[in-house]
């Protein structure tokens, strides 16, 4: 008889933090590891996630399908224990907040001036959210124990923030990078702001990523645009001299721009991130 997966309780905490540039409070949720209250001596790595509405529960996810991180943690007990912080997006202002620069590709008046608040968001996460988490929870605050991950525009912000704050983030999960939103500015910034040595970068893209919303920005094959963005980012990192062993680029056949695929491979990202702490047979590349 096959043993059932251990069904144990993971405590979720919720906070409201002020976002000064929008003059609104933002929900921040913190998923604690098993036995957090019992293991009073223990300190944990922290994974910060953009688009917090999509991280934990499918009923509130934009696509109706979440990253399913709660069952992932429960079903993969070989992973090191960690704290997961889901930072909600700005909803109707998501494009503005998740882009450091205004778009230079919009084909419609609706999105002509989208973007430009990403630097404010980045500084808020680094100077407000992370210090709050470190002050209220038993974290390992050092960069090598601080992970950041996101998809699409959240992937853009992850790549940007890793370069803007190399002293803060030691692991980057860049899923379906949407740097085409302002590719010229993005690549210029990445090329001029090297990551810290030893930063681990996981880059994932599918071959069928484009959708109807993207078509309002770029003419032609959006599927290829996503692949090109990931390749350009990868090449920029290599040109900086970033160690090949610290980058994992994955181009996955027939996978689309959807939480289903980001969730399906998230455990592989985490095993890559913690590969030095895991048995070799659990880390496949």
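The values are calculated or read from the model by the stated rules, or taken from the named source; none is laboratory data. Predicted, not measured: the structure shown is a model, and the values here were computed from it. Here Cβ is always computed from backbone atoms with ideal geometry, including for glycine, and neighbour counts include all displayed protein chains.
Here are a few things to note about the model shown:
- Just one of the listed residues (184, 188) is in contact (Cβ under 8 Å) with a residue 24 or more places away in the chain and more than 26 Å from residue 265 (Cα to Cα), and it is 184.
- Screening the candidates 25, 77, 38 for the property of being loosely packed, with under 13 Cβ neighbours inside 10 Å and within 16 Å of residue 267 (Cα to Cα) yields one hit, 77.
- When the criteria are applied in full, residue 93 fails the requirement of being surrounded by fewer than 19 Cβ atoms within 10 Å (Cβ to Cβ) and more than 22 Å from residue 21 (Cα to Cα).
- Test result for residue 66, crowded, with 17+ Cβ neighbours inside 10 Å, touching a strand residue (DSSP E or B) at 6+ places or on another chain (Cβ under 9 Å) and closer than 25 Å to residue 225 by Cα: no
Residues checked against (1) in contact with a helix residue (DSSP H, G or I) (Cβ under 7 Å, 6 or more places away or on another chain); (2) at negative phi; (3) modelled with pLDDT under 95:
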{"site": "64", "(1), (2), (3)": "yes, no, yes"}
{"site": "67", "(1), (2), (3)": "yes, yes, yes"}
{"site": "103", "(1), (2), (3)": "yes, yes, yes"}
{"site": "124", "(1), (2), (3)": "no, yes, no"}
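- The single condition from (1) part of a helix (DSSP H, G or I); (2) over 23 Å from residue 267 (Cβ atoms) that residue 210 fails is (1).
- Residues of the range 90-113 satisfying the condition of being assigned to a loop (DSSP other than H, G, I, E, B), within 23 Å of residue 63 (Cα to Cα) and free of Cβ contacts under 8 Å to residues at least 60 places away in the same chain: 98
- Flag for residue 60 being on the phi > 0 side of the Ramachandran plot, at pLDDT below 95 and surrounded by fewer than 21 Cβ atoms within 10 Å (Cβ to Cβ): no
- Boolean, residue 149 is over 15 Å from residue 265 (Cβ atoms) and modelled with pLDDT of 95 or more: no
- When 222, 157 are screened for being closer than 20 Å to residue 102 by Cα, buried (at least 19 other Cβ atoms within 10 Å of the Cβ) and modelled with pLDDT of 95 or more, only 157 passes.
- Residues being surrounded by 15 or more Cβ atoms within 10 Å (Cβ to Cβ) and in a helix (DSSP H, G or I) - total across the range 225-258: 13
- For the range 48-57, the criterion of being more than 26 Å from residue 257 (Cα to Cα) and either in contact with a helix residue (DSSP H, G or I) (Cβ under 6 Å, 6 or more places away or on another chain) or surrounded by fewer than 14 Cβ atoms within 10 Å (Cβ to Cβ) (or both) is met by none of the residues.
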